[in-house]
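Peer 1: Here's a structure for you.
The values are calculated or read from the model by the stated rules, or taken from the named source; none is laboratory data. Because the structure is a prediction, the values reported are computed rather than measured. Note: ideal-geometry Cβ built from the backbone for every residue, glycine included; neighbour counts use all protein chains shown. Quick note on the areas: whole protein, heavy atoms, side chains included, nothing else; ligands and nucleic acids left out. Shrake-Rupley method; radii C 1.70, N 1.55, O 1.52, S 1.80 Å.
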Amino acid sequence: EKGEPGGGYYDPRYGGSGVGAPGVPGPPLHLIALNSPQTGSMRGIRGADFLCFTQAQGIGMKGTFRAFLSSRLQDLHSIVRKTDRQNLSVVNLKDEVLFDSWDDIFSGGRMKENVSIYSFDGKDVLHDNTWPEKMVWHGSTSRGERHVDSFCETWRVGEHALTGMASPLQSGSLLQQSSSSCSSSNVVLCIENSAGHSRR
């Protein structure tokens, strides 16, 4: 079971009060951007996941990272395990809290003020000119479900005439419903979906 002594993981369902740091139920989930913008052509969801995986490994992070995207067979909300969706905070590369929980993102939550999203190589996405378009691909409804026909042919196509669902980063919400041409180069985020293994 989770939460056994020495397990290094505090789960509020075990152990009661006084165990672990107050209000810190477990290791947070990191939300980090790929080091460069991407068009809608990412070799599919596996291609995007692979970029997240390799860039996380490249800076010595041990957690499993997946692309913050919905696709034909994947709802964005389901990427993080059910047991981790409410009780783990979502943090940036510097461990600053962006959202109080994964579920927060999908219930209209906005990022904490004055906290930035960084890329794996440490760039501040909103203020760095590596990303001229401050739009985040997600391909989802506002509740994190796949948005039919709004994920650039399952993230394989970068054609101008097609669109994918994206969100303006300035809004503080990651799931605003803005259609973006699949030829646009937008931010791609990666979410850690196995908590507690990312200590560098």
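Peer 1: Only one of these conditions is not met by SER167: (1) surrounded by fewer than 19 Cβ atoms within 10 Å (Cβ to Cβ); (2) not in a helix (DSSP H, G or I). Which number is it?
Peer 2: (1)
Peer 1: Hey, another quick one. Identify all residues within the range 138-175 that are under 23 Å from MET111 (Cβ atoms) and either small (Gly, Ala, Ser) or touching a Pro at 6+ places or on another chain (Cβ under 9 Å) (or both); write none if there are none.
Peer 2: Hits for the range 138-175 are GLY139, SER140, SER142, GLY144, SER150, GLY164, ALA166, SER167, SER171, GLY172, SER173.
Peer 1: Give the residues of the range 65-119 that are open to solvent by 10 Å² or more (accessible area, probe 1.4 Å), in contact with a Pro (Cβ under 7 Å, 6 or more places away or on another chain) and not in a loop (DSSP other than H, G, I, E, B), sorted by residue number.
Peer 2: Correct list: empty.
Peer 1: Restricting attention to the range 127-164, report how many residues are in contact with a Phe, Trp or Tyr (Cβ under 9 Å, 6 or more places away or on another chain), surrounded by fewer than 17 Cβ atoms within 10 Å (Cβ to Cβ) and not in a loop (DSSP other than H, G, I, E, B).
Peer 2: Looking only at that region, the number is 0.
Peer 1: Another question, if that's okay. Among the candidates SER180, SER194, single out the residue that is assigned to a strand (DSSP E or B) and either open to solvent by less than 60 Å² (accessible area, probe 1.4 Å) or within 21 Å of ASP49 (Cα to Cα) (or both).
Peer 2: Step by step, each of SER180, SER194 is checked, and only SER180 is assigned to a strand (DSSP E or B) and either open to solvent by less than 60 Å² (accessible area, probe 1.4 Å) or within 21 Å of ASP49 (Cα to Cα) (or both).
Peer 1: A further question on this structure: Can you tell me how many residues in the range 28-62 are closer than 20 Å to HIS127 by Cα and open to solvent by 10 Å² or more (accessible area, probe 1.4 Å)?
Peer 2: Adding up the residues that qualify gives 5.
Residue-wise test of (1) of a type outside the set (A, V, I, L, M); (2) modelled with pLDDT of 95 or more.
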site	(1), (2)
ILE59	no, yes
THR64	yes, no
ARG72	yes, no
SER107	yes, no
SER116	yes, yes
ASN129	yes, yes
